[in-house]
Amino acid sequence: MTAYRYGEYQDGPDPLAPPYDVRSALDEMGDAILSGSTPLDALRDLLKRGLPDAPDRRGLEELLRQVRQRRRELRENTRLDGTLERARALLDKAIGQERAELFPDPSDDARFREAALDALPSDTARAVQELDEYDWRSAAARQTFEELRDLLRREILDSQFRGMKEALANPDPEAMERVRQMMSDLNDMLDKDAQGQHIQEDFDSFMRKYGDMFPENPRNLEELVDQLARRAAAAQRLLASLTPQQREELAGLMAQTLERAGLADQMRRLGDSLYARRPDLSWSSPERVSGDDPMGMGDAVGALQELADLSELEAALRQDYPGARLDDIDEAAVRRALGRSGVDDLEALRRIERELENQGYLRRHRGKLELTPKAVRRLGETALRRVFASLDSSRRGDHDQRDAGAAGELTGSTRPWRFGDEQPIDVVRTVINGVRRGAANGRVRLSVDDFEVSETERRSAAAVCLLVDLSYSMALRGTWAAAKQTALALQALVSSKFPQDSVQIVGFSNYARVLQPDELAGLEWDMVQGTNLHHALLIAGRHLDRHPDFEPVVLVVTDGEPTAHLMRNGVPRFEWPPSRETLELTLAEVDKMTRRRATMNVFMLAADERLREFVDEVARRNGGRVFAPSADRLGEYVVNDFLRARRRT
């Protein structure tokens with residue numbers, strides 16, 4: 001009988017989890033975009049924070065904090081001269097044991113040996129070199145000196161090849177010969193690769209023979225070179241991080257040990273090949289550490305290698321360079337630093353970035369991140385929901401109802417459906433028509449001729465013009481984000497609830513221009529002087545003239561009186577204080593709007609006396625109204641005023 005055990009899935013994300021809803025990510029970005037950020041900055045902020053509806057997933061800021069914490073811990077707990085300190089201790093111990101053996105001996109040979117020991121240089125490397133041929137009297141001293149040699153051999157090889165210390169825990173001539181053969185084969189393989197003759201089969205054969213010496217288990221020569229080069233560079237940085245005296249002593253010990261082991265030439269070949277392949281690594285930059293416990297050379301090199309990896313990972317996680325993408329972050333480095341959970345968090349963030357593009361919300365155009373029309377529609381709906389949330393539903397009488405049409409009030413009569421009809425289908429009449437035609441086997445089959453729609457009152461269309469000030473003063477006063485959000489909300493409202501209307505949004509600063517819907521979200525203010533309402537009214541007038549049978553609606557959002565106008569040659573002219581000509585030309589366009597029977601309502605975002613005098617004159621000439629909302633209520637005022645005008649129509 002087969003037994004089954006069930007439990008929580010441990011190997012990464014839940015494969016049965018529902019698909020990721022990228023719209024929530026876009027809504028989070030929308031908060032920043034509607035507040036004035038660019039799409040790129042909004043995406044970066046989202047990836048830094050992570051999604052609030054996924055609290056178990058860390059954003060880049062949290063990953064970066066943990067990487068920095070790990071770097072700090074390494075620096076505070078790493079001391080690089082452990083091998084040198086251990087070598088000095090073993091050397092002193094061996095000399096002390098030899099002196100203890102010589103002291104009772106009254107012979108001249110004993111005194112000669114003591115003099116030789118007294119004359120040893122203070123430099124550890126030179127002392128070890130001079131004692132290399134010394135004939136030890138004390139068996140204990142000889143054993144201690146061999147322990148010193150073994151320590152140096154294991155630590156120095158471990159500094160170049162991770163895990164070699166364990167492989168040489170019980171060294172014998174055959175083990176060292178295998179190391180020499182491995183290095184020879186490795187250098188031959190690198191030379192062959194440099195000549196373009198290396199194949200994967202060569203690497204696989206190499207790993208079958210020497211795979212136990214490479215615990216990181218590289219899959220190809222490129223991965224092996226990367227691992228060896230990073231470790232070799234860390235070993236060089238270790239030397240650079242020591243004091244000059246320590247550096248000289250340790251370098252001397254390394255040279256002696258490699259020469260004695262018959263590896264000096266092979267190690268030089270390997271070092272030259274690795275440097276040629278990875279000159280981009282930091283090979284000689286010192287690292288500042290402040291630990292108290294000395295570390296062996298292999299462990300110290302490993303710590304410096306990890307510090308270098310963490311530095312690279314930190315730079316990638318900051319994402320503060322041009323063209324930065326999450327794909328630039330090395331997944332293997334994240335796994336080494338933060339474990340599997342860090343890889344899962346990174347993949348969740350990558351999925352946000354990837355799905356926003358794959359599902360058609362973002363696109364990259366000439367290296368710049370842009371919102372697609374689909375995303376703009378979504379942000380417009382978000383802006384509209386914000387506005388509706390602030391309106392008093394009991395007073396407004398216009399709810400976010402998704403189960404009713406918007407074609408007008410029902411008259412109570414029906415008619416046959418025609419292609420293109422938007423009126424609601426009369427379900428009862430449609431089914432009755434199908435029954436009257438005859439039911440087969442008790443089933444009613446509907447045909448196109450059976451469908452009837454409910455007749456509604458004819459709703460007149462409106463030509464809507466929203467004129468939005470883009471001048472630099474809007475940014476200085478902190479009203480620009482509210483103006484952009486209002487434009488998006490109005491665009492979404494008209495397109496969703498009043499599709500028969502024709503809306504045009506005009507931005508104006510020193511000159512005016514028509515703004516397309518997909519421009520609105522990424523729109524920024526103009527870094528220029530000038531409030532050219534004259535030009536904006538000219539453009540709006542043309543829009544109204546193209547729709548003579550539509551109800552004209554003109555809404556103006558500004559924080560300053562007109563300070564520019566369009567001259568006859570098409571060039572804008574700026575003057576401050578406003579010139580008489582600018583005011584006269586602007587008010588002339590206001591009079592034209594009045595003759596078009598277009599009521600102009602002005603939303604004034606500043607309490608400037610000049611602006612108040614101007615808008616009062618506009619209201620007197622046109623009969624429109626003047627509003628002075630705060631920036632956070634601008635959308636509410638504009639949308640409410642538009643809905644009031646549509647209900648009146």
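What to note about this one:
- The value of relative contact order for the stretch 248-349, using C-alpha pairs under 8 Å at least six residues apart, is 13 percent.
- If the segment from Ala255 to Arg350 were pulled out straight at 0.36 nm per residue, it would be longer than the present Cα-Cα gap by 29.5 nm.
- Neighbour net charge for Leu349 - beta-carbon separation under 9 angstrom, K R +1, D E -1: +1
- Glu101 accessible area, 1.4 Å probe, all protein chains in place, Å² to nearest 10: 90
- The stretch 93-252: relative contact order as a whole-number percent, Cα under 8 Å and 6+ apart: 25
- Each other residue within a Cβ distance under 14 Å of Asn433 adds +1 if Lys or Arg and -1 if Asp or Glu, for a net charge of +1.
The values are calculated or read from the model by the stated rules, or taken from the named source; none is laboratory data. If you're wondering where the values come from, they're calculated on a predicted model, not measured in any experiment. Glycine also receives a Cβ, built like all others from the backbone with ideal geometry; neighbour counts cover every protein chain displayed. SASA here: full protein model, heavy atoms, side chains in, ligands and nucleic acids out. Shrake-Rupley method; radii C 1.70, N 1.55, O 1.52, S 1.80 Å.
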